[in-house]
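These notes concern the structure reproduced below.
The values are calculated or read from the model by the stated rules, or taken from the named source; none is laboratory data. Keep in mind the model is a prediction, meaning the values are calculated, not measured. Glycine gets a Cβ as well: all are built from the backbone with ideal geometry, and neighbour counts include every protein chain shown. Surface accessibility is based on the protein's heavy atoms, side chains included, excluding ligands, DNA and RNA. Shrake-Rupley method; radii C 1.70, N 1.55, O 1.52, S 1.80 Å.
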Amino acid sequence: MSETEQELARDLGFLEAYTIGLGTMIGAGIFVLPSIAAEQAGPASMISFFAGGLVSLLAALSLSELATGMPKAGGSYYYVNRALGPFFGSIVGWGMWAGLTFASAFYMIGFGQYLLPGLGQYIGFLAGWGQMGITVAALVMAALLTAVNYYGVKETGALQNVIVLTLVALILAFLALGLFSGPTIGEFNPNGWPAVAATIGTVYVTFIGFEVIATSAEEIKNPSRNLPLAMIAAVVTPTLMYVGVMFVSTGTLSIEALTVSQIPVADVATEFMGPIGALAMIVGAVLATVSSANASILSAARVNFAMGRDRILVNWLNEVHDRFRTPYRAITATGILTLVLIAIGVGIGTLAEVASFMYLVTYALVHVAVVVLRRANPEAYDPAFKIPKGLYPIVPILGFVACLAILVQMSIIIQAIGTVIVVFGVLWYLGYARDRALSTSLVGEAIAPEPTAMANGEGRYRVVVPVANPETERDLLRMAAASAHAHEDEHAEVIAVNVIEVPRQTSLSQDLTFEEERVERQQELLESARDIATDLDIGLQTRAIVGRDAGSVILDVIEEENADHVLIGWQGTRSRREHVLGSTIDPVIGRAPCDATLVKLGPEGGRGEGDVMVLAGEGPHAPVSARRAAEFVAASDESSLTLLNVQSPESESDEDLSPTERGEAVIAELAERAGIEYMSYDAKVMVAEDTEQAIIEAAQEYDTVCVGATRSGTISQAVFGSLPEKIGAELAQTVVMARGPEESPMSVREALRRRLEV
């Protein structure tokens, strides 16, 4: 079956998106934090909540751009990992997971406080249990929520909506009656402004959920308008509620009474709503803490999934249960850590602050990610919403600085715990993820951004062909001409390039007498290319260049000529050292911003002709390979085209299809994706346990074998992927490996070098 991602219906308007965000923001924090915040900063803690809302607004703008540009599961983790690479991806992934588990434990202890000391005032057997009872209640509910997510109880979604509406109604009633009662504020800022700043870090745990809107970007109607508006509204609304709750609370109870209260909002409500109002707030708090913890456990499992997908995290953790279809191991791991945090007696304030710390680190890097993606401008990044010109780059810079400023103000203990988690993420990357992670950093492109290739005004289709060997020159030019002839309506042209490499110790113009023989051979080679082009009836341009590095020179030619396709020859051997396929080939194939085709020529006769076979797969570059094969066949009267697919006997799909039927569906879909369904071709499906060996054996029957890259960009120690390169190295026939115009990110070292060369 096709791996093409399905498009999600855009059926969420502004109101629906706003409600989703509000549901994550109106939670346990508003019921639990007033006593903690009042103890730290007194009535001025309402400023802390307001400042936290402003910091979240800045993050909401950056997240809005990222979400519409890269709507993927994983939220902030995915954006940071894509922009800054797996090093920072590991830090943010583990940080978000730890932050969510600390937040879950925070919510569960808040649940225990409102359940026992709170409801204990009305239900006798719940009273008098003390701190041990609170801990036990928190442990029991945490275990229950872990089980609910483990078994995948679907009804929790509908229950969440009911809880949100109930909470909003309760808080509005609390604020209305509280303000009407005439609260009186005493000394506004008894502990000074440093305490107010430090309190922002404590209360920020209440703001960590708004990015859930960003994860729904693909489903939101008119995302360029509705997504940022929904995120901003989902931050502003609870921020005003939090400020109002703190104003009413600190103006109704004395700071001393508020700081010792385990159920602060209920105790405040008792003053002007009576026992019934207080009971309503207690019930609301119980529902809020359960709802918030449930959402945190589920979100943590989603972060695990995204990390596993990128191979930063061991995929064993993301295995889906055969019966319940839930990532039960990730959920269990999250639940166990939550239980441990509760059981060892970590203070409720510490839990809140550590969760805040990790999300402040995350959002700081989110702001950096926006700047990197803006400057790197990768092809896949096309946000429907962008931070307005007047606010960019002010918003990400100010947001980054604000996050760091709050982190610096937090206590030494919290900074130490947060640093341990960050260091763990670094060590995990170095020890496990560095050689496995699929993503690569775009920081290089951000340091030395390259202009986006613009379409040439003449509409000319250009194929660049590096030539160096008279014995292979004709075949390479003929295959390039076949590709060019397929674009005759665009006035196609082949550009033959030969590069004389000169050591860095020698001036390019130095000792021309010594280089005379090489220059003469170069001219002979290009003159021969002109003769060949005349025979092939194709327009030709030749470039004779002297340079330090052939790969860099060819890339420069591709950029200068605005080439659509580069076709390069390969000897068929892999390097085991610095380069994979060769010092010239690696940078060209890895960085060329156009179609790239690598050709290993077989015995004379049938090079790009005769019986041509395409490996019909589901990868993103398979259509490019199929088009290349179709171009070769169309240029020869005696060539045939076969699309081969090899299937395993075991079905990997829920559909009731035989392996042969699955293979035929893949072939038909590939022909359509490649635009060659009009051509005459043979569809061949093989069923084998060892698909790789079956492909290699089947390929022996053909003169030319075409295969698409199985990976994007130059990742780890491969350019095209292990299977294409193995086919190219093992087969004696002509092998063609192709990829589409997907540019691989440059390294930071290369980017700095380019920047210094400017």
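In region 112-126, the residue that is farthest from the chain's Cα centre (by Cα) out of those that are open to solvent by less than 50 Å² (accessible area, probe 1.4 Å) and aliphatic (A, V, I, L, M) is L126. Answer yes or no as to whether P593 is open to solvent by 40 Å² or more (accessible area, probe 1.4 Å), modelled with pLDDT under 90, of a type outside the set (K, R) and more than 28 Å from the chain's Cα centre (by Cα). When the stated conditions are applied, P593 does not pass them.
V463 meets each of the listed conditions (1) open to solvent by less than 50 Å² (accessible area, probe 1.4 Å); (2) of a type in the set (A, V, I, L, M); (3) at pLDDT 95 or above apart from (3). Whenever a residue of region 584-601 is among the acidic types (D, E), its partners that are part of a loop (DSSP other than H, G, I, E, B), lying with C-beta atoms within less than 8 angstrom and at least six residues away or across chains, give the pairs D586/H579; D586/V580; D586/T714; D586/V719; D595/D564; D595/G740; D595/P741. For region 603-622, the set of residues classified as within 21 Å of V465 (Cα to Cα) and modelled with pLDDT of 85 or more consists of H621 only.
When restricted to residues that are surrounded by fewer than 17 Cβ atoms within 10 Å (Cβ to Cβ) and among the aliphatic types (A, V, I, L, M), region 127-142 contains 4.
Tell me whether region 645-657 contains one or more residues that are under 17 Å from Y702 (Cβ atoms), of a type in the set (A, V, I, L, M), surrounded by 15 or more Cβ atoms within 10 Å (Cβ to Cβ) and touching a Leu at 6+ places or on another chain (Cβ under 7 Å). No, region 645-657 has no match at all. Being open to solvent by less than 50 Å² (accessible area, probe 1.4 Å) and touching a helix residue (DSSP H, G or I) at 6+ places or on another chain (Cβ under 8 Å): is that true of A343 here? Against the criterion (open to solvent by less than 50 Å² (accessible area, probe 1.4 Å) and touching a helix residue (DSSP H, G or I) at 6+ places or on another chain (Cβ under 8 Å)), A343 does not qualify. Taking region 626-669, which residues are hydroxyl-bearing (S, T, Y) and in a helix (DSSP H, G or I)? T660 - this is the single residue of region 626-669 that is hydroxyl-bearing (S, T, Y) and in a helix (DSSP H, G or I). Can you name the number of the only condition in (1) surrounded by 16 or more Cβ atoms within 10 Å (Cβ to Cβ); (2) of a type in the set (S, T, Y); (3) modelled with pLDDT under 90 that S716 fails? All conditions are met except number (1). When A67, A51, A38, A59 are checked against the criterion of being under 28 Å from V283 (Cα atoms), small (G, A, S) and part of a helix (DSSP H, G or I), a single residue qualifies: A38. As a summary of the residue check, I185 satisfies the conditions (1) assigned to a helix (DSSP H, G or I); (2) at pLDDT below 90; (3) hydrophobic (A, V, I, L, M, F, W, C) except for the one numbered (1). Just one of the listed residues (L407, L398) is open to solvent by less than 50 Å² (accessible area, probe 1.4 Å), within 18 Å of V55 (Cα to Cα) and among the hydrophobic types (A, V, I, L, M, F, W, C), and it is L407. Restricting the search to region 350-378, which residues are at pLDDT below 90 and within 14 Å of the chain's Cα centre (by Cα)? Hit for region 350-378 is P378, nothing else.
Within region 609-625, the set of residues being part of a loop (DSSP other than H, G, I, E, B) and out of contact with any Lys or Arg (no Cβ under 7 Å at 6 or more places or on another chain) comprises E609, G610, A616, G617, E618, G619, P620.
Within region 89-118, residues that are closer than 18 Å to A28 by Cβ and in contact (Cβ under 8 Å) with a residue 40 or more places away in the chain sit with their Cβ atoms under 7 Å from residues that are open to solvent by 10 Å² or more (accessible area, probe 1.4 Å) and outside any helix (DSSP H, G or I), at 6+ positions apart or across chains, in these pairs: G99/I208; A103/I208; A105/V346; Q113/Q262; P117/Q262. In region 314-419, counting only helices (runs of 4 or more DSSP H) that sit wholly within it, the ones holding 2 or more residues that are polar (S, T, N, Q) span 328-343, 348-376.
Could you please let me know if I312 is touching a residue at least 24 places away in the same chain (Cβ under 8 Å), within 30 Å of M70 (Cα to Cα) and open to solvent by less than 10 Å² (accessible area, probe 1.4 Å)? Criteria met by I312.
In this structure, is D690 out of contact with any Cys (no Cβ under 8 Å at 6 or more places or on another chain), more than 20 Å from Q733 (Cα to Cα) and of a type in the set (D, E)? Taking the combined requirement at face value, the residue satisfies it.
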